[in-house]
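Novice: This is the structure I want to talk about, given as structure tokens.
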Amino acid sequence: MATQEKADVAIVGAGASGSVFAAVLARAGKKVVVLETGPEWQLSDLISSDFWGRRIKSAGAPFLLEGNNPFGYSYQSGWGVGGAALHYFANLPRLLPNDFKMRSEHNRALDWPISYQDVAPYYDKVARDIGVSGNARAEEIWRPAGEPYPMPPMKTFRNGEVWLKGFEAVGIRMVPAAVGMNSTGYKGRPACIYDGWCHIGCPTGALSNPLVTYLAEARKAGAEVRARSTVTRVLTSRQGTRVSGLEYYDAKKERQVQEASVVVLAAWSAQNPRLLLNSATDRHPRGLANTSGLVGKYMMCHFSSGTWALFDEDVQNHLGTTGAQFMSYDRYGKTAHPGVFGSSFIVAGSALKTSDLGGFANARPDLFGPELHAFMKRAARGLTRIGAFGEELPNLDNRIELAADKDEFGMPLGRIHHSFDQDAVGLWNANFEEGLRIAKATGAKEAWSARGNMPTIHLMGGTIMGTDAGNSVVNSYGQSHDLPNLYLAGPGIFPTAGASNPTYTIFALSLRGAEQLAANWRAVEL
Ligand SMILES: Cc1cc2nc3c(=O)[nH]c(=O)nc-3n(C[C@H](O)[C@H](O)[C@H](O)COP(=O)(O)OP(=O)(O)OC[C@H]3O[C@@H](n4cnc5c(N)ncnc54)[C@H](O)[C@@H]3O)c2cc1C
Ligand code: SF4
């Protein structure tokens, strides 16, 4: 075992949230070390092929999956420098004010300890930092006014435009989607070429993955990113009042210790609770930061109701981005669909590939042989899809625990229990019904719901924020209530999920937390 030179800040995970903390703290002059379990990646490694793209999907120790709706974590999570955000679709909608006050306004779920207004300035800052394309004014029919996005909306294509008639017919307003992609050149990065390979990593730098945004800045400011470094425990001082560093295994599988004044866990919602639970000591027998008993609890996700439509015309479904062209918050009210509860966020227009995630080869799983062949010939030109994300409410039963089985480093595997409740199932069905009404109103030749197992998208919760150690794991900055020099970052700190894709809020909350840490460094470090 070796002990590395002490860092000011040791960050676990080089993905969306870790890279923001690394950039802010390195710029503030701190010695920052980022430990990342997966490999190093460069833009030039990213090859536009679904087969190659499997290499950047999650690897490493598996999670054991239980419950009625096991969580499909493997294609959701990241593997290597950049994290899942290396191959995210860069849809960047924000949460809305109603997400922060669900308990107060509806006596359901939980309130956040902060409001939309606390996060709003950070949405604007992130947009400037990473480059967001969209039309803020158009979105402001649903939210308080903020700054314009730094780039105009992306181009649109027939595969998105053909839906607009259907949305209008059912009274849903669509506006240009806010995406972390360049509609024009931005900060030395090129404009998008609309070849639709974002889902396995954009090789040009037009998409705002961490390699070309916060992580690049962090490195420029002196942060060290150590790939192939798997963290297994957070270490604490003898008195148990502070964290003192991290135990990890390097590329040669040798045990190392990285001492640090402050530790930031940014290893995604599934891994952060696993690390906290595995770091139990005599003084913290239930795991670190766990006075509330809520570490690993209130895991949440989104579920999507997709609708396919097949047109006679060539809708150019090979063109565009994997992100959306249009979006709507018209069903975002918690009671927008009669008789069911929770927000929905609607998107339309995305490039289709043949196989793998979202590929049209999976659009009619009931077809085989000649019928499938005939369908695919038509689908190659005429098929397009819309989706409505639904909100899952926080339930204590949806949780992560340690299992008896261990990984190659002797660390217990995580076990994720996940089942949807009746609210989620009701919302999922309501969105399918509306999706079909929209599709039929477009005049498409055929329309059908993309029903299969109820999907589990964007894992959130597990280390939720709140007002104190009685009701939560961290405060609104991600700082542990129990151990002041331990921060948690990422979607794990959301107490409710909303229906918007989470990463804009992850960036915004991480920026807010990292700036608070930098500003209060002396008090936190002591
Ligand atoms: C295909 C796909 C499409 C997506 N599209 C969108 C979208 O359009 N919009 C949106 O908002 N979100 C999207 N997401 C989700 C988005 O990528 C995540 O919300 C975001 O990346 C989560 O940020 P994070 O920092 O918590 O985790 P990540 O970005 O995944 O980073 C966590 C990092 O921690 C590392 N790590 C884990 N365990 C350890 C350990 N023990 N030691 C060291 N390192 C460790 C991982 O390897 C990983 O690199 C998408 C995700 C995927 C996979
Ligand atoms: S469509 Fe644009 S953002 Fe997506 S991979 Fe191609 S160039 Fe990158």
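Novice: Please enumerate the residues belonging to segment 241-265 that are open to solvent by 10 Å² or more (accessible area, probe 1.4 Å), in contact (Cβ under 8 Å) with a residue 40 or more places away in the chain and either within 16 Å of ligand 2 (Cβ to nearest atom) or not aromatic (Phe, Trp, Tyr) (or both). Break it down into steps so the answer makes sense when it comes.
Specialist: If we filter segment 241-265 for residues that are open to solvent by 10 Å² or more (accessible area, probe 1.4 Å), which is where we start, we get 241-242, 244, 247, 249-257, 259, 261.
With in contact (Cβ under 8 Å) with a residue 40 or more places away in the chain added as a condition, the list becomes 241-242, 249, 253-257, 259, 261.
If the condition is that a residue be open to solvent by 10 Å² or more (accessible area, probe 1.4 Å), in contact (Cβ under 8 Å) with a residue 40 or more places away in the chain and either within 16 Å of ligand 2 (Cβ to nearest atom) or not aromatic (Phe, Trp, Tyr) (or both), then Thr241, Arg242, Lys253, Glu254, Arg255, Gln256, Val257, Glu259, Ser261 are the ones that fit.
Novice: Another question, if that's okay. Restricting the search to segment 53-71, which residues are within 11 Å of ligand 1 (Cβ to nearest atom) and charged (D, E, K, R)?
Specialist: Lys57
Novice: Continuing with the same structure: If I filter segment 367-395 down to residues being part of a helix (DSSP H, G or I) and among the small types (Gly, Ala, Ser), which single residue comes out as surrounded by the fewest Cβ atoms within 10 Å (Cβ to Cβ)?
Specialist: Step one: filter segment 367-395 for residues part of a helix (DSSP H, G or I), giving 369-382.
Filter once more, keeping what is among the small types (Gly, Ala, Ser): 369, 374, 379-380, 382.
Working: Gly369: 7, Ala374: 11, Ala379: 20, Ala380: 14, Gly382: 21.
Going through the qualifying residues, I end up with Gly369.
Novice: Next question, about the same structure. Can you name the residue in segment 81-114 that is among the small types (Gly, Ala, Ser) and either under 20 Å from the mean Cα position of the chain (by Cα) or within 15 Å of ligand 1 (Cβ to nearest atom) (or both) and, of all such residues, is surrounded by the fewest Cβ atoms within 10 Å (Cβ to Cβ)?
Specialist: Ala84
Novice: Can you name the helices (runs of 4 or more DSSP H) wholly within segment 134-179 that have at least 3 residues being over 26 Å from Asn209 (Cα atoms)?
Specialist: Numbers: elements: 136-139, 158-161, 164-170.
The qualifying helices (runs of 4 or more DSSP H) are 164-170.
Novice: Check segment 43-53 and report whether any residue there is open to solvent by 40 Å² or more (accessible area, probe 1.4 Å), part of a loop (DSSP other than H, G, I, E, B) and not basic (Lys, Arg).
Specialist: Yes, there is a match, as at least one residue in segment 43-53 is open to solvent by 40 Å² or more (accessible area, probe 1.4 Å), part of a loop (DSSP other than H, G, I, E, B) and not basic (Lys, Arg).
Novice: May I ask you to list the residues in segment 185-218 that are free of Cβ contacts under 8 Å to residues at least 24 places away in the same chain and either assigned to a strand (DSSP E or B) or more than 16 Å from ligand 2 (Cβ to nearest atom) (or both)?
Specialist: First pass over segment 185-218, keeping only residues free of Cβ contacts under 8 Å to residues at least 24 places away in the same chain: 185, 188, 190-191, 193, 216.
Scanning segment 185-218 gives a single hit, Ala216.
Novice: For the list (1) crowded, with 22+ Cβ neighbours inside 10 Å; (2) polar (S, T, N, Q); (3) more than 23 Å from Ser304 (Cβ to Cβ), I need the number of the one condition that Ser133 fails.
Specialist: Tallying (1) crowded, with 22+ Cβ neighbours inside 10 Å; (2) polar (S, T, N, Q); (3) more than 23 Å from Ser304 (Cβ to Cβ), Ser133 fails exactly one: (3).
Novice: In addition: Quick one: in segment 311-339, of everything that is out of contact with any His (no Cβ under 6 Å at 6 or more places or on another chain) and polar (S, T, N, Q), which residue is nearest to ligand 1 (Cβ to nearest atom)?
Specialist: First, the residues of segment 311-339 that are out of contact with any His (no Cβ under 6 Å at 6 or more places or on another chain): 311-321, 323-333, 335-339.
Of the ones still in play, those that are also polar (S, T, N, Q) are 316-317, 321, 325, 328, 335.
Values: Gln316: 21, Asn317: 18, Thr321: 10, Gln325: 13, Ser328: 16, Thr335: 25 Å.
This residue is Thr321.
Novice: Give Phe89, Phe100, Phe63 a once-over and let me know the one that is over 22 Å from Leu511 (Cβ atoms), aromatic (Phe, Trp, Tyr) and in contact with a Ser or Thr (Cβ under 9 Å, 6 or more places away or on another chain).
Specialist: Phe63
Novice: Still on this structure: (1) in contact with a Ser or Thr (Cβ under 9 Å, 6 or more places away or on another chain); (2) closer than 30 Å to Val170 by Cα; (3) open to solvent by 20 Å² or more (accessible area, probe 1.4 Å): which one isn't true of Thr335, the others all being true?
Specialist: The number of the failed condition is (1).
Novice: Give just the number: which of (1) buried (at least 23 other Cβ atoms within 10 Å of the Cβ); (2) away from ligand 2 (no atom under 16 Å from the Cβ); (3) not in a loop (DSSP other than H, G, I, E, B) does Gly78 not satisfy?
Specialist: Only one criterion in (1) buried (at least 23 other Cβ atoms within 10 Å of the Cβ); (2) away from ligand 2 (no atom under 16 Å from the Cβ); (3) not in a loop (DSSP other than H, G, I, E, B) is unmet by Gly78, namely (3).
Novice: Tell me, which residue of segment 493-526 that is without any contact (Cβ under 8 Å) to a residue 60 or more places away in the chain and over 24 Å from Thr456 (Cβ atoms) is least open to solvent (accessible area, probe 1.4 Å)?
Specialist: It comes out as Gln516.
Novice: Still on this structure, please answer the following. Being of a type in the set (A, V, I, L, M, F, W, C) and not in a loop (DSSP other than H, G, I, E, B) is the filter; apply it to segment 54-75 and report the residue that is nearest to ligand 2 (Cβ to nearest atom). Give the derivation first.
Specialist: In the first step, residues of segment 54-75 are kept if they are of a type in the set (A, V, I, L, M, F, W, C); the result is 56, 59, 61, 63-65, 71.
With the extra rule that they be not in a loop (DSSP other than H, G, I, E, B), the set shrinks to 56, 64-65.
Details: Ile56: 13, Leu64: 34, Leu65: 30 Å.
The extreme case among them is Ile56.
Novice: Just checking, which of Asn475, Asn429 is farther than 24 Å from Ile172 by Cα, out of contact with any Cys (no Cβ under 6 Å at 6 or more places or on another chain) and not hydroxyl-bearing (Ser, Thr, Tyr)?
Specialist: On the way: Asn429 fails: farther than 24 Å from Ile172 by Cα.
Being farther than 24 Å from Ile172 by Cα, out of contact with any Cys (no Cβ under 6 Å at 6 or more places or on another chain) and not hydroxyl-bearing (Ser, Thr, Tyr) holds for just one of Asn475, Asn429, which is Asn475.
Novice: Kindly indicate which of Ser355, Ser344, Ser305 is open to solvent by 10 Å² or more (accessible area, probe 1.4 Å) and touching a residue at least 24 places away in the same chain (Cβ under 8 Å).
Specialist: Details: Ser344 fails: open to solvent by 10 Å² or more (accessible area, probe 1.4 Å); Ser305 fails: open to solvent by 10 Å² or more (accessible area, probe 1.4 Å).
Testing whether each residue is open to solvent by 10 Å² or more (accessible area, probe 1.4 Å) and touching a residue at least 24 places away in the same chain (Cβ under 8 Å) leaves just Ser355.
Novice: Another one. Of all residues in segment 219-231 being open to solvent by 20 Å² or more (accessible area, probe 1.4 Å) and not in a loop (DSSP other than H, G, I, E, B), which is farthest from ligand 1 (Cβ to nearest atom)? Quick ask: steps written out before the conclusion?
Specialist: Let us first name the residues in segment 219-231 that are open to solvent by 20 Å² or more (accessible area, probe 1.4 Å), namely 219-222, 224-228, 230.
Filter once more, so that each one left must be not in a loop (DSSP other than H, G, I, E, B): 219-220, 224-226, 230.
Values: Arg219: 15, Lys220: 20, Glu224: 14, Val225: 10, Arg226: 9, Thr230: 5 Å.
Within segment 219-231, the match that is farthest from ligand 1 (Cβ to nearest atom) is Lys220.
Novice: Which numbered condition trips up Asp314, out of (1) over 20 Å from the mean Cα position of the chain (by Cα); (2) modelled with pLDDT of 95 or more; (3) open to solvent by less than 20 Å² (accessible area, probe 1.4 Å)?
Specialist: Unmet for Asp314, out of (1) over 20 Å from the mean Cα position of the chain (by Cα); (2) modelled with pLDDT of 95 or more; (3) open to solvent by less than 20 Å² (accessible area, probe 1.4 Å): (3).
Novice: Taking interchain pairs and intrachain pairs at least six residues apart, which have beta carbon atoms under 9 angstrom, with the first residue in segment 318-338 and part of a loop (DSSP other than H, G, I, E, B) and the second among the acidic types (Asp, Glu) and within 16 Å of ligand 2 (Cβ to nearest atom)?
Specialist: Within 9 Å, the pairs are His318/Asp195; Leu319/Asp195; Thr321/Asp195.
The values are calculated or read from the model by the stated rules, or taken from the named source; none is laboratory data. As the structure is a prediction and not an experimental result, all values here were calculated from the model. In this analysis, Cβ positions are derived from the backbone assuming ideal geometry, glycine residues included, and neighbour counts consider all displayed protein chains. We work out accessible area using only protein heavy atoms, side chains counted, and drop any ligands, DNA or RNA first. Shrake-Rupley method; radii C 1.70, N 1.55, O 1.52, S 1.80 Å.
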